[in-house]
1. Being touching a residue at least 24 places away in the same chain (Cβ under 8 Å), over 30 Å from residue 108 (Cβ atoms) and open to solvent by less than 60 Å² (accessible area, probe 1.4 Å) is the requirement here; does residue 39 meet it?
2. Answer yes if at least one residue in the range 79-92 is among the aliphatic types (A, V, I, L, M), touching a residue at least 60 places away in the same chain (Cβ under 8 Å) and within 26 Å of residue 25 (Cα to Cα), and no otherwise.
3. Where residues in the range 96-106 are closer than 18 Å to residue 5 by Cβ and of a type in the set (Val, Ile, Thr), which of them is least open to solvent (accessible area, probe 1.4 Å)?
4. Need the failing condition index for residue 131 against (1) surrounded by 12 or more Cβ atoms within 10 Å (Cβ to Cβ); (2) at pLDDT below 95, just the number.
5. For residue 3, work out the one condition from (1) over 19 Å from residue 116 (Cβ atoms); (2) under 19 Å from the mean Cα position of the chain (by Cα) it doesn't fulfil.
6. Taking interchain pairs and intrachain pairs at least six residues apart, which have beta carbon atoms under 6 angstrom, with the first residue in the range 107-124 and over 20 Å from residue 4 (Cα atoms) and the second open to solvent by less than 50 Å² (accessible area, probe 1.4 Å)?
7. Can you tell me how many residues in the range 72-94 are modelled with pLDDT under 90 and among the acidic types (Asp, Glu)?
8. Of all residues being in contact with a Ser or Thr (Cβ under 8 Å, 6 or more places away or on another chain) and in contact (Cβ under 8 Å) with a residue 12 or more places away in the chain in the range 4-34, which is most open to solvent (accessible area, probe 1.4 Å)? Just the residue, please.
Amino acid sequence: WVSTSTRTAETVATLDLVLREVAKMRDGGVTASELANAKSNRAGSYPRRFETGSDVVGEVVTARLMGLSLDHVTDARRRIVETPLDAVNAAAKKWLDVDRARIVVVGDAREVRPLLEKAFGPVQVVDFRADPAAGGT
């Protein structure tokens with residue numbers, strides 16, 4: 001998944017850029033240097049996922065819901081560091097399919113929907129307001 005933020009007026013341009021970069025990664029792979037930087041970032045920031053007891057429980061429950069063992073959580077940093085470049089690029093070729101991407105945009109639907117529909121076609125709006133009685137569907 002990819003996450004970013006931008007001004008409403010830049011939503012389509014940002015999505016175009018993200019989709020191009022994902023396709024570029026799928027088609028050309030990542031370099032050894034890019035992978036080293038990503039590994040350093042992911043492995044170095046991994047401990048921050050466990051700052052509170054609630055964080056720990058969340059990671060364990062998520063692993064269990066996905067059918068994974070506790071080792072999936074405790075060995076994650078090691079697996080990140082040991083992942084070889086060819087495995088990353090094979091996964092990119094297999095899973096990074098921009099034609100089947102599911103795009104979720106959070107914002108004011110009245111403003112962003114017309115922009116998205118013009119660029120990408122039909123858009124499904126889901127109202128996530130806390131109080132459905134206030135007009136949510």
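1. Numbers: touching a residue at least 24 places away in the same chain (Cβ under 8 Å): yes; over 30 Å from residue 108 (Cβ atoms): yes; open to solvent by less than 60 Å² (accessible area, probe 1.4 Å): yes.
So residue 39 fits the description; yes.
2. In the first step, residues of the range 79-92 are kept if they are among the aliphatic types (A, V, I, L, M); the result is 80-81, 85, 87-88, 90-92.
Narrowing the set further to residues that are touching a residue at least 60 places away in the same chain (Cβ under 8 Å) leaves 92.
From what is left, the residues that are within 26 Å of residue 25 (Cα to Cα) are 92.
Yes; the residues of the range 79-92 include at least one that is among the aliphatic types (A, V, I, L, M), touching a residue at least 60 places away in the same chain (Cβ under 8 Å) and within 26 Å of residue 25 (Cα to Cα).
3. 105
4. All conditions are met except number (1).
5. Among (1) over 19 Å from residue 116 (Cβ atoms); (2) under 19 Å from the mean Cα position of the chain (by Cα), residue 3 violates only (1).
6. Sorted first by the residue in the range 107-124, then by its partner, the list stays empty.
7. 0
8. My answer is 4.
The values are calculated or read from the model by the stated rules, or taken from the named source; none is laboratory data. Source: prediction; values computed, not measured. Backbone-built Cβ (ideal geometry, glycine too); neighbour counts: all protein chains shown. Surface areas here come from the heavy atoms of the whole protein model, side chains and all, with no ligands, DNA or RNA. Shrake-Rupley method; radii C 1.70, N 1.55, O 1.52, S 1.80 Å.
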